[in-house]
Structure formats: C-alpha cells, structure tokens
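A.B. asks: Take this structure first; my questions come after.
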Amino acid sequence: MVAGEDANDRKIVTHLVQEFCPSLGAKVVEIRDDVRLKSATGANLTQRIQTLVRKAKARALREGAGLAGIVVHEDLDGVTDETYDRVRRAISAELAKHSPCGTALALAAWESEAWLLLFPAAFPAVRPGWRLPVQLHRRDTGQLTDPKELLQTKLPAPRYRESDGPDLIAAARKHGLLRAGPVGLNRSYAEFVGELKQWA
C-alpha cells in the first residue's frame, strides 16, 4: 500500500517498491487521500497514523488481499539535517507501532525531484535534449533547496513538470540505473531504499 502527497509522488515511490521488493509479488495499491505527517506531533501524529493504517487495512480488505507493507511518502521541504532526523524518527516510530506489517518512509529531502537528480542518465532517456549540467552530478542532493525549480531552470525546453517525475524514475528502472545505484548522495533516498530492501 502506497500513500503520499500526490499521484506523481506515489508513482515514483511505486516504481521503487517494485524495483527493490520484487519477491513480494504483491500488487501495489495507492491510498489517494492527502498525507500530512511531517508537521504533526504527539497525539495528532498518532491519530493521523492510525487513520492511515485503518484506511490501508480497509483497502486491502476491498482488494481481497493481505497487507504486505505500508509505504508513506511526504516531501520534507527541507534538507537532511537535525529536523529531518527528528521528523523521520517520530513518523517511523508511530508507523512501526500501529502497522500490522512492514513499513517504509519516503521522507524526501528536499522533495522527490532531489531523488531524480541521482540518476542523470535517465533524463536524456525521457527527453533527448535533457542533459543535467555536470555540476549537478555526484552531489549530495539532500542538501539542495528547491530541486524542482532547479530542474525547471537548468533543463532546456520542454520545461520540467512534476508529471515528468514518474517517467524519469521509470526510465531509471528500465535502464538498470536504480539497481546500479545513485550517482551522488541523498540520505533520505538511501534510508527509504534500505527499508524496502529489508522486506525483500
């Protein structure tokens, strides 16, 4: 079960689940409700997590299937720092406490576009004119602010749109880039993929 901020982010995360958890043989189903966990604390966070888990169980029941795992995506809108660590610890602990199955948290720093930057060879595979400038290769993309705007300004026409994200991660998957590993660093990506690999 994949929950997340919007359809594009959920599709990106779904490709990652399918790549790194092939042995599950499970159908990936989306929960389309808005997910807002990063700013919640205490009882408010607990309540939101419990609601999310209830919805995941209900959806699995409707699908006539068991719940293999719950994946939650949210853009941090911040870099990997002490705030990231605190938010990740809090959400992960509540997910583990209330979920009946494995969980993985895709708390993307700064946002999903920072993860896309880890796979520069995917860009020309989607749009032949798209080449990431070399200064964006081998970076710690978890320290970049507003990578979406960066893509919109650095790539030639057509302008990058959020809806290009799933195509880029699909290309990275198709061409073996996900399996080969990122070109650069992003702790939020590495920690999410690490959790997925524990399910395999």
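The values are calculated or read from the model by the stated rules, or taken from the named source; none is laboratory data. Note that the coordinates shown come from a computational prediction; the quantities given were computed from them, not determined experimentally. Reconstructed Cβ throughout: ideal geometry from the backbone, glycine too, with neighbour counts over all protein chains shown. Surface areas here come from the heavy atoms of the whole protein model, side chains and all, with no ligands, DNA or RNA. Shrake-Rupley method; radii C 1.70, N 1.55, O 1.52, S 1.80 Å.
A.B. asks: Report, in deg cm²/dmol and to the nearest 500, the calculated mean residue ellipticity at 222 nm for the chain, where each DSSP H run with n ≥ 4 adds -39500 (n - 2.57) and the sum is divided by the residue count.
C.D. replies: -15000 deg cm²/dmol
A.B. asks: To the nearest 10 degrees, how steeply does helix 42-63 sit against the main Cα axis of the chain, on a 0 to 90 scale?
C.D. replies: Helix 42-63 sits at roughly 90 degrees to that axis.
A.B. asks: Would you mind working out the accessible area per residue for region 138-200, using a 1.4 Å probe, and quoting it in Å²?
C.D. replies: Accessible surface, normalised per residue, equals 54 Å².
A.B. asks: For region 1-32 and region 44-86, what is the separation of their C-alpha centers, rounded to whole Å?
C.D. replies: Value for the Cα centre distance between the two parts: 12 Å.
A.B. asks: So which residue, out of 13, 134, 29, gets the largest mean-square fluctuation from a GNM of the chain using Cα contacts under 10 Å as springs?
C.D. replies: 134
A.B. asks: Looking only at 69, 78, 176, which one moves most when the chain is put into a Gaussian network model with springs between Cα atoms under 10 Å?
C.D. replies: Answer for the Gaussian network model of the chain: 176.
A.B. asks: With a 1.4 Å probe and every protein chain kept in, tell me what percent of the accessible surface of region 73-200 is carbon plus sulfur.
C.D. replies: Carbon with sulfur: 50 percent of the solvent-accessible area.
A.B. asks: While we're here: Taking +1 at the Cβ of each Lys and Arg and -1 at the Cβ of each Asp and Glu, which of 24, 165, 1 sits farthest along the dipole of the chain towards its positive end, judged by Cα position relative to the Cα centre?
C.D. replies: 24
A.B. asks: So what are the ³J(HN,Hα) numbers for region 105-111, from phi and the Karplus equation (6.51, -1.76, 1.60; θ = phi - 60°), rounded to whole Hz, Gly and Pro as x?
C.D. replies: Couplings: 10, 9, 8, 6, 10, 6, 7 Hz.
A.B. asks: From the cross-link list 174/197; 11/197; 27/148; 27/197, which pairs have alpha carbons spaced over 24 Å apart?
C.D. replies: Those over the limit are 27/148.
A.B. asks: Now a separate question. Could you calculate the FRET efficiency of residue 138 with residue 34 from 1/(1 + (r/R0)^6), where r is the beta carbon distance between them and R0 is 30 Å, rounded to 0.05?
C.D. replies: The value I calculate is 0.30.
A.B. asks: Taking 7 Å along the Cα-to-C-beta vector as the label spot, tell me the residue 55-residue 98 distance in nanometres, rounded to one decimal.
C.D. replies: 1.1
A.B. asks: Using the Karplus equation 6.51 cos²θ - 1.76 cosθ + 1.60 (θ = phi - 60°), what ³J(HN,Hα) coupling, rounded to whole Hz, does each residue of region 174-182 give in order, writing x for Gly and Pro?
C.D. replies: Result, rounded to whole Hz: 4, 8, x, 6, 5, 5, 5, x, x.
A.B. asks: Counting heavy atoms of the protein chains only and a 1.4 Å probe, report the per residue accessible area for region 1-120 as a whole number of Å².
C.D. replies: Heavy-atom accessible area per residue stands at 42 Å².
A.B. asks: When the dipole is taken about the Cα centre of region 1-199, and only Lys, Arg (+1) and Asp, Glu (-1) are charged at their Cβ, what size is it in debye, to the nearest 20?
C.D. replies: 520
A.B. asks: In whole percent, what relative contact order does the chain give with Cα contacts below 8 Å and a gap of six or more residues?
C.D. replies: Relative contact order for the chain comes out at 26 percent.
A.B. asks: Among 117, 150, 76, which one shows the highest mean-square fluctuation when the chain is modelled as a Gaussian network with alpha-carbon springs under 10 Å?
C.D. replies: 150
A.B. asks: Based on the Cβ-Cβ distance of residue 149 and residue 81, what FRET efficiency does E = 1/(1 + (r/R0)^6) give at R0 = 25 Å, to the nearest 0.05?
C.D. replies: It comes to 0.80.
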